[in-house]
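Notes for the one structure printed next.
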Amino acid sequence: AIRNAAAHVREILVGRAAQRLNVAADSLRVEDGTITDALGHKVTYGELVAGEELHVEARPASTFKDPKLYRVVSKAQPRVDIPAKVTGGAAYVQDIRMPGMLHARVVRPPSYKATLTSAATDAVEKMPGVVKVIRDANFLAVVAEREWSAVKAMRSLAASAQWSEEKSLPAMKELAAAVLALPSQDLTIADRKGSGAAAVKTVEATYTRHYQAHGSIGPSCAVAQMKDGALTVWSHTQGVYPDRDAIAEMLGMPKEKVRLIHAEGSGCYGHNGADDAAADAALIASLMPGKPVRVQWMREDEHRWEPFGPAMVAKARASLDADGKIVEWDYGVWSNSHSTRPGGAASLLAAQHSSKAFRPKAQKGTIAPEGLGDRNAIPLYAFPSVHVVHHFLPDMPVRVSALRGLGAYHNVFSLESFMDEMALAAGADPVEFRLKHLDDERAKDVIRMAAQKFGWKAGVKAPAGRGYGFAFARYKNAAAYFAIATEVMADPARNKIRLLRAVAAIDSGQVVNPDGLRNQTEGGIVQSTSWTLYEKVAFDDTRIRSVDWSTYPILRFDAVPETVDVHIIDRPGQPYLGSGEAAQGPTAAAIGNAVANATGVRMRDLPIARQA
């Protein structure tokens, strides 16, 4: 839409230049905001818009520049933000410092259902450097002149706090059964009945995913200031307007008196603790008018209280005909909501824990064009008969929301793992089996490129103790095409799996910055490897127990793949396709398929190396 609007404005300005220079519009040359005619007469964009009105309704389609004329698009460009980020410069909301700024820490409840019964607020308020102790029902915080004073006061306050707790969490060892036992709203999202040959073999499988955390290495942070009756908040939220509205509701303020300014956050993506840190800062600043207040979450806050990626269960059933082609496909996915991003105060921890006790609204299942928990649940493959049901789970025993890829991570893992199982049942090579079931030529192109660059050959076995795997998906069935081949080392006796090599191909339409696209895709492969091999949230019947890097391990440097190669298929003139999350699901499936190839054992539960 923006590209079309920009092209439309360019066309308007060239038309005005043609009138001013008294020449035909198609005889003009435009370069760096200056329009020049054949005789060298020039006029700038600035001159053409001065005093002019541009209140013209944008057209849905405009004429674009010929891709052959691009000088910047498709050329690698260095990122201007990197130097400050790698040298300790001011790059993030965590780096904001303002004159007279105070530092705050929040003492969170130890569990979801905990109620505060007592705390030594008076004693802590007398500690050196402490400005104020705030207690509002279950919301407990300290404010100090210096950050270290705030940390010491927070620890003292936390040690004195007494809480009444309730058991509310499901049994972690029977998590799949607990998910399936939740009441569901069943939404049929695909139901195609086609004619095909008779089925001669049927395969069924169940795949599960544990709760997973964002695991942001930089804990959430926000700065807020109440001044002259207006509140300003600096936050790394992804949704400044929804968070603004939620904070205004929490404080009972008019929306026009609350302003959210976006600032990048270290480690922030998806829906982690960013919105909640902003609410913390807003609530505390509202009680300390005139003073900027900085709230920095601690590691245990981020791990225990951020919204996790939901646990999921998928059941697949498919049938082959005598020629080894899939003729029937039936798939169901069970999942909570993948988006509880602020749409009201009830989604914010500070609002839930305050005396107003806002309560989260009941979630409802919807059929969205690009899916939430059902994202990528509908296969892109050309199967004659397809039936897909999203079993939406309104009850959320664990706090969840948007984690990179949403439901696509588990759905693609399930679908592409099952495609390998079907290929094995058909006695077919996994790559050839996928190509056999695709009509989309761009999908075939990325599969062929990934296989060719990896050196994939049908029937060739990996060395002993190693395995090869392959997977493909088009993210959301509407964004980037992505295929990946992997080589893993698997030692079942030591429960050790390592990704050694990943070779991928991506088609994201017209490429703007190939270095950025490659960087984003490499990062997705590495993060998905961490999710797939290691990451799960641990809890008992009352508390989240994953509160640090030992209880929630992530991929370490010594386990990063030796080789990650990303090959780009550029499509000049084609629409841009979203590519930031394209690698998540296929990487998980390719690793799982490689492990099965190495060990002969199919791992259907994420993370693959998890221990009960």
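So here's what we get for this one:
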quantity	calculated
Any pair with Cβ under 8 angstrom, 6 or more apart, that starts in the range 263-283 at a residue that is farther than 23 Å from Gly88 by Cβ and in a loop (DSSP other than H, G, I, E, B) and ends at one that is open to solvent by less than 20 Å² (accessible area, probe 1.4 Å) and of a type in the set (A, V, I, L, M, F, W, C)	Gly270/Ala402; Gly270/Leu403; His271/Ala402; His271/Leu403
The range 555-568, residues that are surrounded by 16 or more Cβ atoms within 10 Å (Cβ to Cβ) and either assigned to a loop (DSSP other than H, G, I, E, B) or of a type in the set (S, T, N, Q) (or both)	Leu555, Pro561
Where Gly290 falls short, out of the listed (1) assigned to a helix (DSSP H, G or I); (2) open to solvent by 10 Å² or more (accessible area, probe 1.4 Å)	(1)
Scope the range 306-323; condition open to solvent by less than 10 Å² (accessible area, probe 1.4 Å) and not acidic (Asp, Glu); matching residues	Pro307, Phe308, Gly309, Pro310, Ala311, Met312, Val313, Ala314, Ala316, Ala318, Ser319, Leu320
Matching residues in the range 347-359 - criterion: being assigned to a loop (DSSP other than H, G, I, E, B) and surrounded by 15 or more Cβ atoms within 10 Å (Cβ to Cβ)	Leu348, Ser354, Lys356, Phe358
Residue within the range 209-216 that is closer than 30 Å to Leu380 by Cβ, assigned to a strand (DSSP E or B) and either in contact with a Lys or Arg (Cβ under 7 Å, 6 or more places away or on another chain) or open to solvent by 20 Å² or more (accessible area, probe 1.4 Å) (or both) present	yes
Residues within the range 63-79 that are open to solvent by 60 Å² or more (accessible area, probe 1.4 Å), over 18 Å from Arg518 (Cβ atoms) and either aromatic (Phe, Trp, Tyr) or in a loop (DSSP other than H, G, I, E, B) (or both), tallied	5
Search result, residues across the range 155-183 that are in contact with a strand residue (DSSP E or B) (Cβ under 9 Å, 6 or more places away or on another chain), over 20 Å from Val313 (Cβ atoms) and in contact (Cβ under 8 Å) with a residue 60 or more places away in the chain	Glu165, Glu166
Leading residue by the ranking (nearest to Lys356 (Cα to Cα)) among those in the range 121-131 that are surrounded by fewer than 18 Cβ atoms within 10 Å (Cβ to Cβ) and of a type outside the set (Gly, Ala, Ser)	Thr121
Matching option when the condition is farther than 30 Å from Ala171 by Cβ and in contact with a strand residue (DSSP E or B) (Cβ under 9 Å, 6 or more places away or on another chain), among Lys453, Lys444	Lys453
Residue within the range 152-169 that is open to solvent by less than 70 Å² (accessible area, probe 1.4 Å), within 30 Å of Ala311 (Cβ to Cβ) and in contact with a helix residue (DSSP H, G or I) (Cβ under 7 Å, 6 or more places away or on another chain) present	no
Boolean, Leu403 is among the aliphatic types (A, V, I, L, M), open to solvent by 10 Å² or more (accessible area, probe 1.4 Å) and within 21 Å of Gly585 (Cα to Cα)	no
Leading residue by the ranking (farthest from His353 (Cα to Cα)) among those in the range 141-154 that are free of Cβ contacts under 8 Å to residues at least 40 places away in the same chain and among the hydrophobic types (A, V, I, L, M, F, W, C)	Trp148
For Thr529: the one exception among (1) under 20 Å from Phe454 (Cβ atoms); (2) open to solvent by 30 Å² or more (accessible area, probe 1.4 Å)	(2)
Boolean, Ile506 is over 16 Å from the mean Cα position of the chain (by Cα) and of a type in the set (Val, Ile, Thr)	yes
Count - residues of the range 21-41 that are surrounded by 14 or more Cβ atoms within 10 Å (Cβ to Cβ) and farther than 28 Å from Val512 by Cα	4
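The values are calculated or read from the model by the stated rules, or taken from the named source; none is laboratory data. What you see is a predicted model; the values in this text were computed from it and never measured. Heads up, the Cβs are rebuilt from the backbone with ideal geometry, glycines too, and the neighbour counts pull from every protein chain shown. Areas reflect the complete protein model, heavy atoms only, side chains present, ligands, DNA and RNA absent. Shrake-Rupley method; radii C 1.70, N 1.55, O 1.52, S 1.80 Å.
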